[in-house]
Structures are given as structure tokens and as C-alpha cells.
1. If I take R0 = 41 Å and measure r between the Cβ atoms of ARG44 and GLU272 in this structure, what FRET efficiency does the formula 1/(1 + (r/R0)^6) give, to the nearest 0.05?
2. In nanometres, what is the gap between the two model label sites at MET300 and ALA166, each 7 Å from Cα along Cα-to-Cβ?
3. Give a residue-ordered list of calculated ³J(HN,Hα) values for the range 45-54 (Karplus: 6.51 cos²θ - 1.76 cosθ + 1.60, θ = phi - 60°; whole Hz; x for Gly, Pro).
4. For the range 226-290, just run the numbers: alpha carbon Rg, then divide by 2.2 N^0.38 Å, N being how many residues it has.
5. Taking amide H positions as placed in the peptide plane 1.01 Å from N, state which residues far from SER255 in sequence (5 or more) or on other chains have amide H under 5 Å from it.
6. How much length, in nm to one decimal, is gained on full extension between ALA211 and ALA292, taken as 0.36 nm per residue of separation minus their Cα-Cα distance?
7. Based on the mean of other Cβ atoms within 10 Å per residue, sort peptides 284-292, 98-106 so the most packed one is first.
Amino acid sequence: MDLLATALSGSRGNDGLAATRRQANPSDDDVMTREYRHGDSMRRVHWAATARHSELMVRQEESVTTPQATLLMDQRHHSFNTGFSAAFGTDGSGLSTSPTFEWAVTAVMSVSAHLLERNYALRFLDQQGAPALLHSPSAPFPTEEEHHGPGAVAGIAEGLAALELAPESGRRGQAEEHAGSTVVRAGEAARSAARRVRRTTAETAQAAPHAAFGDDLLDKLVATRHRGPLIALLGMITLEEARSLASASDYGSVSYAILVCERPADARRQLEILRNAGWHASAASAAASLPAVWAGLESMVGGASTSSSAPGGGQSAGTSRTAHDTTSRGTA
């Protein structure tokens, strides 16, 4: 059995027991929260999370029998457009992309399908902790960060079809506009509560930059600490970004990172930082096959390589974005 499959099956055991114990006596860090939606009872408001996010947050009911996983996807232009690929702004579909980003998108689809088809509840986030499909014009539910149940695989495939690289600046502001709209549409009681919280936290929120792999992302990961695997598909991150992301390994029952870059050897120092912090990390070029990359991760911990059971099966993660044979790149 491959490393990821082992981690997935293992998270149903001791982690499930721990989740049951946390549900009986949850702490603030262990309670799962989400944005307020119209119709939610004000009795479910989680004030500590509301203060952290400057947005009305409620406790999210969860089933301890549903395994969970978190998938992070770096989407920044400068992370994937480096070296030779920087000369190419778009592909034949007119999307802003690069060969390495196309590889990452295909890998994300394969990993998502691997998890969802095994009945996992998947949280899909970008490098700042916002919903990963927030800026995809083809996403059926762009503000959703949690995916599970029938249709989830097709929904992610549809969202990935038109996802493109974006500048780092401005992304979080747009995400906050989308998130804030749920409060605007809510009742007057919810708006009043949100305003009271904002009055006490506005100055702090404005002063704190929404950096990649920063506090915004870590706050999201706290909600599912040790409840399942954490998987990150990244571009060529900087050394400082690697240090910021390093501590996030503590939030997954097991944590994996793949850095997709033109010259994997250039990521040696970033990989060292991540591995020293507990990540199972590897670098891949756009010419690599996803099963081969997972086999490399397996070898790091002495696992037996079984490519057919790894995410993506025996498929090669190429640069033509056909996501799980469901949606073709750029056709949405």
C-alpha cells in the first residue's frame, strides 16, 4: 500500500478516537468553524474565531465517522513562472499558466479524486487560507472550501478547468469581499454582532499583512489539527516562505509537500527546511509522473512503492489539463 493510502487508512483509527474525545470536551483550537450563513442560529457563533477572523464565524457540526484531509494549492504567478517558462504568459486556452502550474493542477485533481472517492471530507485552500477555487470563473461554488459527498470530484474538476495563475497582491482582499457577502445577506442581528467584533479588531486586521503561508492559513489549519493528512502542491517558494510553511506540518496527522519547478535541484534548501520540520517533501519538474513522485515520498520513510494505488494511478501528470476525465482545461 502506498504512503498516502497508509496515512489515509491510519487516520480513521487513533485520530478518530481523538476526535471523539475532543468532541466530548472541545477546546477553542479543536472546534471546527466556518463563516456565518443565512439561517444559522446565533447560539452557534464561535466568538474566539470571530475575533481572529474579524468575520462572524459559527461552530461547524462534524461527523467523527467522516475522515478528513486538507489540500493546499499555491496559485501565485511568480511561484510557477520562473526561468524559461516566464516567457510564456498563457496557454492555447488563453489562461495565465505555465507547464509547472499545469502539472500542479493535474496533481491536485488526482489527489482530490483519490481522497473524495474514499469518502474523505476535503478542505481545499490556497496559500493564504482562502477557498482554493475562489477565483475560478468555472467553479460551481467558488466560496466553498469544504468538498465531500456525491458530485464533489466533478465540482473540483469543473473549478480547476478555468483556474489560472494570479498575482499575489490583492487576492486576499477579494477573498474577504466574497466571505463578507454572507454577513451582508444575513439578518440584522448577525450584522450587528459582526460590527461589534470589527470595532475591537479592525486596527489589528489592517496592520497584519495577509502573507502566503502566514497566520491566515495557520488559523484555518488549527480547526482540523491532526484530523487527517495535509498535502501541499507548491511552486518554487522562497526560503522565507518555506520557513513560514514549516510549522504547518504540526497540523496534519501526516504532512506532504511537492514543490513543482523547472529545476528540482534548485529547491534543495527549501526541501531541507520542510523535511526538518516534519514534512515528507519532494520536488518535481513538469516532466515527472505523479506516481513516480509519490514513490519517491514513500522511499523517504521506507514504504513499499505501489504506483497503481497512489494518487493518479499510473497516469502521467502532463501539461494538458484534463481533470479526472471530467472537464478539459479552458472549455468551461
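Here, each number is a calculation from the coordinates, and none is a lab measurement. Since the structure is predicted, the reported quantities are computational estimates derived from the model, not experimental observations. Glycine gets a Cβ as well: all are built from the backbone with ideal geometry, and neighbour counts include every protein chain shown.
1. For R0 = 41 Å, the calculated efficiency reads 0.40.
2. 2.8
3. So the Karplus estimates, Gly and Pro as x, are 4, 9, 6, 5, 5, 4, 5, 5, 9, 6 Hz.
4. Against the empirical 2.2 N^0.38 Å value, I get 1.05 for the range 226-290.
5. LEU230, HIS280
6. Numbers: separation 81, 0.36 × 81 = 29.16 nm, distance 3.18 nm.
Result for the pair: 26.0 nm of gain on full extension.
7. Values: 284-292: 19.0, 98-106: 25.4.
The most tightly packed comes first, giving 98-106, 284-292.
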